[in-house]
1. Using R₀ = 30 Å, calculate the FRET efficiency as 1/(1 + (r/R₀)^6) where r is the Cβ-Cβ separation of SER91 and LEU278; round to 0.05.
2. Give me the net charge of GLU67's neighbourhood, meaning all other residues with Cβ under 12 Å from the Cβ of GLU67; Lys, Arg count +1, Asp, Glu -1.
3. Please check: in the Gaussian network model of the chain (C-alpha springs, under 10 Å), which one of ALA146, ALA113, ALA209 has the largest mean-square fluctuation.
4. Could you calculate the FRET efficiency of ALA101 with ARG48 from 1/(1 + (r/R0)^6), where r is the beta carbon distance between them and R0 is 30 Å, rounded to 0.05?
5. Got a number for carbon plus sulfur as a percent of the stretch 1-148's accessible area, 1.4 Å probe?
6. At 1.4 Å probe radius, can you tell me the per residue accessible area of the stretch 5-126 in Å²?
7. Need the C-alpha centroid separation for the stretch 108-186 versus the stretch 187-202, integer Å.
8. If you build a Gaussian network model of the chain, linking Cα atoms that sit under 10 Å apart, which residue out of PRO105, PRO211, PRO60 swings the most?
Amino acid sequence: MAAPRNESVEDRNNLLSQEDHMGSMERLAMEVVALARPVPSVVRVTGRIAPTDPTAWRRPNLAVRLEVETPEGQRPVSRVYTIRSFDEGRSLVDIDFVVHADDSPAMRWLERATVGSAIHLVGPRPHYLPDHTAEGGIALFADETAIPAIHAILGTWQEGSHGVLYVETADRAAFDELPEVEGVERHLLLRDPSEGAGTTGKLVAAARALPNPEGCMIWAAGERQDIRAIRAYFTEERGLPKDRVRVFGYWRKGMSSSEIDRMRLQQYEAVRAGGGGLAQTEDLDILA
Ligand SMILES: Cc1cc2nc3c(=O)[nH]c(=O)nc-3n(C[C@H](O)[C@H](O)[C@H](O)COP(=O)(O)OP(=O)(O)OC[C@H]3O[C@@H](n4cnc5c(N)ncnc54)[C@H](O)[C@@H]3O)c2cc1C
């Protein structure tokens, strides 16, 4: 099926393929070798890749851009997903797609995908990890789209480090799949199926109720408005230093990621025009 014209993001100045943006990422083919439904809310895609430097894929919480549609004469339509796990010996990645009801590029790709399907991806982009040296421990806040990132972070949890985890999802089984890790207290913020994702404010309420956040390391990912509210609470109301608040908005309720990507590119173009680079951009400051 051809993508609607407005899903592709035009990169007029060809900035996205330049070194500042690419870093050590590369564009790779991925072959789908398995598709599974481990829990009701998730389709798990296992893909085989042949990276130039497999060691770059060992780090937890890596993200990739999957080229889910390739409209003729336009840039591919891409969507960002987390590498839930990487099996270096077999060169396999697991990527969990949270299934949602919209007719969207990622959901259309998922519908078409079968064992043997080929797709291109760009990555791996390292995303935030918590700092285990924080005296007050680590507080993690995630909605269902960030469960794969939490899975990767818990898989490399530092012994002796303590934390508290809050996960909002309507799927108890998705939460239960997370590994139990010594020192991490887990809380499920179960959403009623009648409530839409990104509508309950449960994560924001949990953040506001966190006892003694001073000295804590905050890690959060999920719907952009929720994450923006969490960032504002900890940095503005509680005065935590910015480097103690590592947060990222993964999706925006009611908005296509193509729209957010267009705004990201505009911000990046402005920063580059002023002599800066990717490190000087702040994703949550984009008004998406
Ligand atoms: C760093 C990073 C890592 C991510 N990792 C993952 C991951 O591992 N797994 C994962 O599932 N997602 C992940 N996401 C989020 C994912 O990229 C978005 O959900 C994306 O919008 C999906 O694309 P789409 O084509 O389905 O929908 P879009 O075309 O972007 O949006 C279409 C409509 O669907 C809505 N929508 C999008 N996602 C959801 C959702 N989850 N629930 C309800 N409504 C939604 C939008 O609000 C919009 O109204 C990650 C995002 C980032 C930035």
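The values are calculated or read from the model by the stated rules, or taken from the named source; none is laboratory data. Only a predicted model underlies this, so the values are computations on that prediction, with no experimental measurement involved. Please note: Cβ atoms are built from the backbone with ideal geometry, for glycine as well, and neighbour counts cover all protein chains shown. Ligands, DNA and RNA are excluded from the accessible area calculation, which covers all protein heavy atoms including side chains. Shrake-Rupley method; radii C 1.70, N 1.55, O 1.52, S 1.80 Å.
1. For SER91 and LEU278, the calculated efficiency is 0.60.
2. Here the count lands on +2.
3. ALA209
4. Approximately 0.50, to the nearest 0.05.
5. The nonpolar share, carbon plus sulfur, comes to 49 percent.
6. 51 Å²
7. Comparing the Cα centres of the stretch 108-186 and the stretch 187-202, I get a distance of 18 Å.
8. In this elastic network of the chain, the residue with the biggest mean-square fluctuation among PRO105, PRO211, PRO60 is PRO211.
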